[in-house]
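Okay, so here's the structure we're looking at.
Quick note: the coordinates plus some simple rules give every number you see, no bench work behind them. Note that this is a predicted model, so its numbers are computed, not measured. Quick reminder, even Gly has a Cβ in these numbers, built from the backbone with ideal geometry, and neighbours come from all protein chains shown.
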Amino acid sequence: MIIPNIQRKAKNPLVNLIGIIVAFAVLVILVRTGVVSTYISGILMTICISIIMATSLNIATGFLGQIALGHCGFMAIGAYTSALITKAMANSNILVGAGAPNFFRFLIAIIIGGALAAIFGMLVGIPALRLKGDYLAIITLGFGEIIRVVIQNLKFCGGNGLSQGAAGQALVGISRISNIYVVYWITVVCVFLMYCFVRSRYGRALMAIREDDVSSGATGLNVTYYKVLAFTFSAFFAGIAGGIFAHYIGSLSINNFTFMKSVEYVIMVVFGGMGSLTGSIVAGGILSALPEALRRFAEYRMLVYSIALIVVVIFKPTGLLGTREFSLTNVLSRFFGKGKAEIKDGGQDE
Amino acid sequence: MAVFVQQLLNGLKIGSVYALVALGYTMVYGIIKLINFAHGDFIMVGAYTLVFTIPLMVASGMPAWTAVIFAVVACVAVGVGVEKVAYKPVREKGNRMSALITAVAMSLFLENLAQVLFGASPKTVSNIFKISNITVGGVTLNGNTIITIIIGVVVMLVLQAFVQNTKMGRAMRAVSEDREASILAGIKVNQTITLTFAIGSGLAAIASLMYCAAYPQAMPTMGSMLGLKAFVAAVLGGIGIVPGAMIGGLVIGLVESLSKAYLTTLTGGVLTSAFSDAIVFGILIVVLLIKPAGILGKDVGEKV
């Protein structure tokens with residue numbers, strides 16, 4: 001079995017890269033031919049944001065095995081930071097203009113936003129991760145609420161922002177410079193980095209801690225270090241998602257980042273399968289596209305989600321994919337009848 | 001001074017509401033080790049029941065507060081229903097994380113069901129207590145506040161007596177102490193759990209009466225913040241401990257009311273009264289970090 005494994009490893013990234021490029025080409029063609037309207041590209045943007053949020057939350061919840069109910073707090077930090085940075089840069093006329101300047105302004109802003117979210121993730125994680133299970137869920141919820149209340153009452157985070165800010169108002173007038181091509185590639189890069197992370201020795205350490213933190217500690221893993229690392233990593237990508245969101249929506253109200261929003265991302269992770277990044281991608285995509293398709297039933301959306309969530313937890317607690325990953329290579333080889341079905345990617349069924 | 005006494009009483013009033021809700025959290029956590037996120041929403045169920053039943057009671061010549069009977073019935077029905085339908089199947093599979101997610105989902109479900117049924121806009125609750133204000137030594141005391149505090153204290157004392165002295169109360173304590181052993185001792189565990197949920201939900205109904213007497217509005221999301229703060233109270237007092245929830249509730253109520261009143265002056269305008277929620281959650285974080293077992297809790301070593 002060793003030989004096909006090696007072959008598969010060499011082929012896998014190439015197949016996935018081709019898949020990603022093909023998907024991008026389809027996207028470009030659809031936008032150019034006008035099939036994808038501004039409305040639909042908005043939905044695609046929301047899907048990308050959800051995918052980044054769900055996959056990043058999955059690192060803390062699925063791979064580390066700790067439910068975090070304050071993920072939107074980090075998203076808020078990223079969103080507000082990056083929005084204020086692009087505002088400040090626009091005010092002092094740095095990198096303004098369509099095309100490349102806007103792109104770099106956006107990129108710099110969201111990366112700094114992500115970095116600040118990561119710093120807060122670390123600051124929250126160091127004390128919070130001494131706890132686990134229910135208590136960790138509650139303390140992350142508490143931190144999320146505190147972040148929300150503080151941002152709401154900061155003067156430079158409301159109104160027109162910075163020196164013309166007003167506390168307690170929505171932050172308005174953010175340049176809407178996320179565009180779907182850029183966001184697509186950012187999503188790809190984010191998911192790729194997260195995939196590398198969970199496949200590295202760090203990711204394996206997280207899974208060991210998830211299965212049994214005491215015995216992982218006994219075998220020499222620095223449990224606290226890995227927990228905080230995972231939390232920081234997860235917060236970084238939540239910050240990036242927040243940055244994209246801010247520059248897509250154009251104005252930020254703190255009500256976009258409530259406890260209930262955090263719960264929505266938890267729902268995506270549970271649906272997709274805790275411990276499956278591709279599961280989170282699929283669930284994030286479906287659950288954020290579905291409400292648009294079912295606009296007429298908008299008021300029943302959360303009702304249906306909550307029932308579905310209970311049903312999933314009772315009858316299929318592993319979610320859609322469990323801890324397995326969807327693999328393009330496997331699908332292709334099965335499709336072309338090479339019969340390598342027994343090679344499952346990351347298939348540690350519990 | 002008069003203002004300070006007013007704020008103190010306001011704190012005790014909202015604190016006794018928190019205490020009753022916290023009791024529900026703490027009893028359920030004590031017995032099945034589950035944070036019942038939906039518990040805050042039971043208050044919402046109670047409040048909506050009051051909205052619709054108070055006019056009926058008044059029309060039939062009864063005092064308005066008797067509508068609490070309907071609220072208790074509705075909340076107990078919802079509480080026991082939630083336990084039977086959602087929590088029991090998950091509990092039997094024995095995964096704590098799934099149980100927590102189910103509880104969050106249940107809370108979402110109740111809130112959105114209320115939104116679909118009654119709409120998102122608040123509904124007004126008719127006047128519940130008709131008590132005039134009392135003046136003691138130059139301080140005017142709001143009648144509603146006094147009666148709320150009295151109800152809270154009485155209910156807590158009754159509950160404490162029930163848990164300590166009756167056979168069912170002892171069964172509840174036994175199950176939360178050691179479930180397996182209490183099965184061996186002939187205690188009907190499932191029945192006891194149902195009873196715990198019923199009592200917790202009933203307390204939430206009484207809390208909703210007290211809350212609506214002070215803030216006469218019912219809306220779908222009213223329970224979530226209230227529930228979270230009551231949960232903080234339960235953790236502060238020591239989760240799973242009945243007197244702890246009472247102390248925690250009163251402390252959180254006082255902190256909230258005093259910080260709303262004096263935070264701006266105390267910090268010289270750096271923090272405004274809008275930060276009082278952040279302070280409540282700050283207390284939660286400090287407690288969890290310093291003494292996760294709470295004020296009255298005993299630190300128990302972890303079994304490996």
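With a Cα-only, solvent-free Debye model of the stretch A:107-207, what are the log10 I(q)/I(0) values at q = 0.18 Å⁻¹? Once normalised to I(0) and log-transformed, intensities are -1.15.
Angle of helix B:189-214 to the longest C-alpha principal axis of chain B, folded into 0 to 90 degrees and rounded to 10: 10°. Relative to the longest principal Cα axis of chain B, at what angle does helix B:2-32 sit, 0 to 90 degrees, rounded to 10? That works out to roughly 10 degrees. Potential lengthening of the chain between residue B:170 and residue B:266 amounts to 29.9 nm, from the contour at 0.36 nm per residue minus the alpha-carbon distance. Projecting the Cα atoms of A:205, A:160, A:239 onto the charge dipole of the stretch A:41-261 (Cβ charges, centred on the Cα centre) puts A:160 farthest toward the positive pole.
Neighbours of residue B:171 by Cβ distance under 14 Å: Lys/Arg scored +1, Asp/Glu scored -1, total +3.
Quick note on the stretch A:41-261: its Rg to Rh ratio, both from C-alpha atoms and Rh being the Kirkwood radius, is 1.00. Largest GNM mean-square fluctuation among B:66, B:264, B:53, using chain B with Cα springs under 10 Å: B:264. Considering only B:51, B:72, B:155, give the residue with the highest GNM mean-square fluctuation for chain B, with springs between Cα atoms whenever their separation is below 10 Å. Sorting by GNM fluctuation, first place goes to B:155. Comparing A:76, A:109, A:88 in a Gaussian network model of chain A, where Cα atoms under 10 Å apart are tied by springs, the biggest mean-square fluctuation is seen for A:88.
Helical content alone sets the calculated 222 nm signal of chain B at -24500 deg cm²/dmol, taking -39,500 (n - 2.57) per DSSP H segment of four or more residues and averaging over every residue. Overall size of the stretch B:1-54 from C-alpha positions, given as principal axis extents largest first: 45, 32, 12 Å.
Note on the protein assembly as shown: dipole from Cβ charges, positive end direction compared against A:98, B:266, B:216; the farthest Cα belongs to A:98. Sorted largest first, the principal axis extents computed over the alpha-carbon atoms of the stretch A:170-269 equal 53, 29, 21 Å.
Site pair residue B:121 and residue A:293 shows an inter-label distance of 3.4 nm when each label is modelled 7 Å from Cα along Cα→Cβ.
Compute the semi-axes of the equivalent ellipsoid of the protein assembly as shown, taking the square root of 5 times each eigenvalue of the Cα gyration tensor, and list them largest first in whole Å. Could you put the intermediate results ahead of the total?
Details: eigenvalues 394, 189, 107 Å².
In descending order the semi-axes read 44, 31, 23 Å.
Dipole magnitude for chain A: about 640 debye, using +1 per Lys or Arg Cβ and -1 per Asp or Glu Cβ, origin at the Cα centre. The rule of thumb for compact globular proteins, 2.2 N^0.38 Å, goes into the C-alpha radius of gyration of chain B 1.01 times. Could you tell me how far the Cα centroid of the stretch A:213-261 sits from the Cα centroid of the stretch B:144-191, in Å? Each part's Cα centre sits 40 Å from the other's.
For chain B, the longest principal axis of the Cα atoms and the long axis of helix B:167-177 meet at an angle of about 70 degrees. Near the amide H of residue A:159, within less than 5 Å, lie the amide hydrogens of A:166, A:169, A:170, A:171, A:172, all on another chain or at least 5 residues away, with H placed in the peptide plane. Across the cross-link table entries A:227/B:93; B:260/B:291; A:132/B:88; A:132/A:261; B:33/B:188; A:132/A:227, which are compared at the Cα atoms, the separations over 20 Å belong to A:227/B:93; B:260/B:291; A:132/B:88; A:132/A:261.
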